[in-house]
1. Quick one: which of Gly519, Gly510 is assigned to a loop (DSSP other than H, G, I, E, B), touching a strand residue (DSSP E or B) at 6+ places or on another chain (Cβ under 7 Å), of a type outside the set (Lys, Arg) and assigned by TED's automatic domain parsing to the domain that holds Leu488?
2. Would you mind finding the one in Lys809, Lys790 that is touching a residue at least 60 places away in the same chain (Cβ under 8 Å) and basic (Lys, Arg)?
3. So is Glu482 surrounded by fewer than 21 Cβ atoms within 10 Å (Cβ to Cβ), acidic (Asp, Glu), under 30 Å from Ala328 (Cα atoms) and outside the structural domain of Met333 (by TED's automatic domain parsing) or not?
4. Are there strands (runs of 3 or more DSSP E) fully within region 709-751 with at least 3 residues that are charged (D, E, K, R) and at pLDDT 85 or above? List them.
5. In region 773-812, what residues are farther than 30 Å from Thr754 by Cα and among the β-branched types (Val, Ile, Thr)?
6. Search region 122-140 for residues being more than 60 Å from the chain's Cα centre (by Cα) and of a type in the set (D, E, K, R), and hand back the single one that is surrounded by the fewest Cβ atoms within 10 Å (Cβ to Cβ).
7. Restricting attention to region 230-280, which residues are under 26 Å from Ile176 (Cα atoms), assigned to a loop (DSSP other than H, G, I, E, B) and among the charged types (D, E, K, R)?
8. Please tell me if Met1109 is closer than 30 Å to Asn1056 by Cβ, in the same structural domain as Lys1173 (by TED's automatic domain parsing) and not β-branched (Val, Ile, Thr).
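The values are calculated or read from the model by the stated rules, or taken from the named source; none is laboratory data. Computed from a predicted model, the values in this text were never measured in an experiment. Note that each Cβ is placed from the backbone with ideal geometry, even for glycine, and that neighbours are counted across all protein chains shown.
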Amino acid sequence: MREELNADLLRRIAYLTKGQLMGEILFYIFLLSSIVYLMVGKVYKSIVCIKEFRKKKSIWILPFILLGIAGLVWNTYGCPVKAASMLENEDTAGNHAISAETGKEGAESEEFIIDNSAPKLTVNYEGVLNIMDKDSAIWNINETLHNNEGKVTSSQNQIFCGKENGISICIEEDNIVPEDIEIKLYRMSYGRKGQWEQEEVSESDINKKIIRLKENQQSQGIFFYAIKNLEDGHYRVKIHCTDKAGNVMEAERNSETDKCIHDGWYESPIYTVDTVSPIITEVFCDQYPVRKKEDRQYFKNAPEIIIRIQEENFNKANFSVDGKMFYADGKSMEKEWRTLKEQAGHLQWKSYYKDGIRMNEARMKVAIEANYTILFQSTDGAVHKGNQKELKITYDAKKPEIIYTGQNNQKEQLVFRPEIQKEEKNFFTFRRYPFFRYFSIKRICASIQVRDEVSGVENLNYMFVPYGSDDGREEWSVLKNEGEKQNLSELTTIVLPAQQNFKGYLKVYGQDYSGNVGGIVKSKGMVSEDEQLHEQVSKISLKIPEAAFTDEKEKLNYYNKAVFVEAVFEDEQSGICKTSLCGKVNNKEMHDSSIVVWDAEDTVYRKRQRLTLEEKSFRYSDSDHPIMIQGSMTDNAGHISEEVLEQGIIIDTEKPVIKVEYDRNNQTEYYNTERKARVIVKERNFRPELVKWDIKGSNQEYHMGEWKTTEDIHTCEIYFDKDGEDYAINLSVTDRAGNKSEWKDREYFTIDKTLPEVSIAIENNTDYEKENQLLYFKTDKTVVFCIKDKNFDEHKVEYDIRAIKAANKRKQIDAHNTESYVRNGEKHYKYLTLKEEAHYYIQMRCTDKAGNVSEKKKIEFIIDKTVPNITIKGVKNEAVYEDRVIMPEVICEDKYLDADSVKVYLLKASGEPVSKEGWNYERTEDKRKVQIQWENLRQNKSKDGIYQLFIKANDKAGNKIKDNYKVVFRVNRWGADFILNHKIKESIDGHYLREEPNIILKERCVKQTKSRVIILKDNEERRTLKGEYVKEGIIADKKSEKYGWYEKSYNIKKENFAEEGEYLVTIQEDSKEKKIHFVIDKTPPAVHISNLEKDIYEEEEHNFTIGIMDNYAFEKMELYIEKSTIPLHKKKVQKFIIKPEDLDKNHMVNQKITEDTAYQTIHYIAWDKAGNKLDSNDNGDTRKCLVTTNKPVKEYYKNNPKSQIIMGIVIAATVFTSGCIAFYNRKKHK
């Protein structure tokens, strides 16, 4: 049956809750009021004016409008709706549907709730002290944080509270259970990367911290929670909940809670519980103060103040300073202080954790010099005020300043004044000298003022330094500033030297409380000098030049020219101000006078002043009216001194007249006889003692007569009778007034009675002095002619020089055309170089300038440059002869041959001389030739080989043939010849070797041969080496190949002898062979010692046996037996040399050890002939044993305690006895 369900009616039956009913009532009130408003408005409009209606209607209708809107909102969002649905249906026949459950018509569904309102969250914070816009984390320490004035604006805020703290949470929702509410509490801490790190509090802790208020649960749909009594720290709360309809939690729009909800979660600001006030732990400077005075620190360099504050919730805005800045005189520095306070607000802080506590640190620069009193203050984010720290510092880098005051002041100069009484005058003078400025006959005092405007003047230091003394020797006088004074910026005093008479200067410096020491100010010099001191230090010295004559009795000085008077003025204390110097006759001042004021550049203590007395000014002065000299001086202090010279002065200008005459005058310079001179002087005031003689000449043995006087004429005779050169008479005559005349001979003369001495020599040769000997020379020769004479005349020398080159060939040589003479004192040399080969005859004589004639000298010699001529016949150099006839011949020829020098040597290749018996020869010689002729060499195998013919010869002049003049030739009648290397002959052939050798040798033969090398080892192994060990070459005569020979080089490498053994190397060619024999031995000898196995032998003498074996040849053994006698004495060593002949046929030798009280050491070293060494110290075969018949000794070494004690006593007694004997002998020798 087909049923059609027609759902023509779907009815909804709603059951309103109390909340929904209230919404509906409010909504209907709104509708009703609107209708009434419209109706009443029309009626009222007709009664009153429209304008008044408009004013009033907006007032009375407003409550009804608000009620209507509230009801609509309540109905829509405020209340869930509980509902059920009813279903009715009928078919086309009109039959109604019947419910299967109830059996009634229609079906009714279960009730369900429609809820479109979200849970509402409200969060309140209790005990809030402060709310900041940002947190006070370490990364925000230098950020400027702002106060939110108690309002939460975002989750980035930070809320501060104290001991009374709490968070209340309220959630309003009907369709929710507590299990759907999530509340998370986190403890926050600062992270390492500039972010918060959160740690969720465990569930048990949440139950402790989060309290659900049960008493409020009676209100249906409202849930209250509270978090109370949190400890100090940072916290964050996160809340989330969803009702059964799926609505996510929300808060009242634009409320403080709403501003912290993001994505359905409420995230609280950082909630900080802070009950601890900040602590300023340290405030100090980064450098040590130069000093401390009470609680104030003083610095010379600008310090930095380091502030450390212990506070978790710190920001730079929480720090402030208070205090003041002021000068040393108490004056405040307001402007500078404001700058410092601003600087304190902009410090750069850094934070770090130390032992879990946050420390905040900053550095504040002190740049302005001042006195600081700073009060450091701090608060935290919870508005807790911390402790206060006060710091008193003074920064002063400037040095104290010396203030200059007073009359006559100059820049940077202290000022002085004389110390005078009221009734006295001011005996004070001021000079503008560079150093000394102040002079007085009274004591001088000074006014000093030191100023320092910052830290203040602590003390004033001054020192009066005597002139010329070391500054360090004087002590500083110190004047300290009184501490009670309010103004410490300056210190003033008056000081004076301790001495009445003082010369020096004043040094002053100041020091402030910061330790700055002002620069030392040195005053200009000051001098005080009284009358008594002036007499001691002032002096005037008058000086005139030495007079020509002085009359001591009359105190008169005679001069012949203008007189220069010199005055020396001295004042060691105050110095010279003015001087005067003049000449007077009859106490009247003349024209020549001098007055000088010494006010120039510097203080003058000693001054020279000169006065010239001209002849024209004092022409009428005589012994009755002499010129008198007077000097006067005024010093800087005002004292005046005078001095008059006691001696008078007279001036005279006439000079003596001098003349000299000779008895002989031949108008020449040279004389060979005696001569006389007569000296004449004309002078009125003649004094013989003032005549100065200067007689020139090489010989001073002349004779001088006495002076003879006739009126104004004075004569003297001089006789010259000895040999002498360059005689001349010079003299000077001075009268009483000092007028001087001189005489100088214009012409010199010489007296010479000596004959010239002549000689002939050959340069660098002394054989010419031998009589009757003819000299021979092989090089150019220089003949030296020597004439010894004081008055040599080169134009009067006679030479005769002849050169004979052959019997009929002669040549005359002119010596005058050679180089000029060379002078050396009285000797005159002429050099004549002869280069040609010849027989020379030379003679000479000489006449000097005075006419003296020398004897005749002669010499004879030969120059020969030709080398002897050598002729060799019968053999040629580097030729090979296999002929039957071999007859060498040597001929040596020269004009001046030295036959004894001709030497001919015939040697074999080995260097062995060939005797005359081995090869006979005949030598013949005459004056010019030597000839040597050998007979024919006998045909014998032993005669084959290399021969060297050495020739030496020279002539009488020393001309030699070339060195190593030789002819090398080979006799090769019987085949090849072997040439051994010197090393092979000396160190390989027939020797024992430790290392394998390289063998190198050569083979020479006329014809090319076939050769081979055979190595025989230990007379068993036989090897023949191939061609790589042979190198062939041909040495040929350049003129003819007839004399060429073949040469082979053998190089047998050491690798062929790598093994030990006895080697025989044979080099064979067609008809000859060469053998080399040697042994390679690398093994050291073997040694065996028997009968020395025990440690102790009870014998007077113990024999043992040594066996020595070597694989080839034993060389020797050194055996050492070391004995120890008395303790503390040196050890004795016996040495034995064992040679091969000492061994028996079994290679054994017997040795013995004698008795001793101590162990003996047997040590040996053995060598074989190859040099291999065996040392018992190296192979561990060194033996030790005790040979004794002394029982205590034996027991001692067997470690018997009793025996050791006895033995120790015996040894100690022996040592003591030996010491006593040594001491007695030493004392006896002394």
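1. Just one listed residue meets the conditions, Gly519.
2. Lys790
3. Here the answer is yes, as Glu482 does meet what is asked.
4. It comes to 740-744.
5. Thr779, Ile804
6. Glu126
7. Passing the criteria: Asp243, Lys244, Glu252, Arg253, Glu256, Asp263.
8. yes
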